[in-house]
Amino acid sequence: RRVFSREVDENQVAQDAWRYWSETTATFMRDRDRLLPAERIFDLRYADIRPDPMRAVQHIYEYFGWELDPSREAKLQDALSKQPREQNGFHHYCASQFGLEEMDREKDFGAYCERYGLNTDQHSANAVLV
């Protein structure tokens, strides 16, 4: 927002983003269930990709019954080997930094978290957002 304004309220930006992602996530889950057969979907958590991206690709191929061509696997391995492990770094934020401690995690993201086995029971002002 700084491109358009000299004064940016980070708390307002965070609350707007919270509302946007809450609504978008609910719409996505509803439309996904309504429009796509379950067998066409493979859910993969970022936390499962990060430590071993090649294994994550293998899980995808296994799920859909595809065979990973050795030359394609070699290209993927080569691309992965050229990426520094911490290329994009990590950002750690606390909900209290942005005035989000009063937001209702359960109401806004509870269904998503329940579906994907994520924890919403972090009600402290210091809950980490990554």
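Readers should treat all values here as calculations from the given coordinates under stated rules, not as data from a laboratory. Source: prediction; values computed, not measured. Positions of Cβ are backbone-derived with ideal geometry, glycine not excepted, and every protein chain shown enters the neighbour counts.
Projected label points at TYR93 and ASP9, each 7 Å from Cα along the beta carbon direction, are separated by 1.6 nanometres.
What FRET efficiency would be calculated for the residue pair HIS59, GLU39, taking the C-beta separation as r and a Förster radius of 22 Å, to the nearest 0.05? With R0 = 22 Å, the Cβ-Cβ based efficiency is 0.90. Modelled this way, with points 7 Å down the Cα-to-C-beta line, the labels at ILE49 and GLU114 are 2.7 nm from one another.
Placing dummy labels 7 Å off each Cα toward the beta-carbon, the span from SER81 to ASP104 is 5.3 nm.
Subtracting the Cα-Cα distance of TRP66 and ARG32 from 0.36 nm times their residue separation leaves 10.0 nm of extension gain. In whole percent, what relative contact order does the chain give with Cα contacts below 8 Å and a gap of six or more residues? Reported relative contact order: 31 percent.
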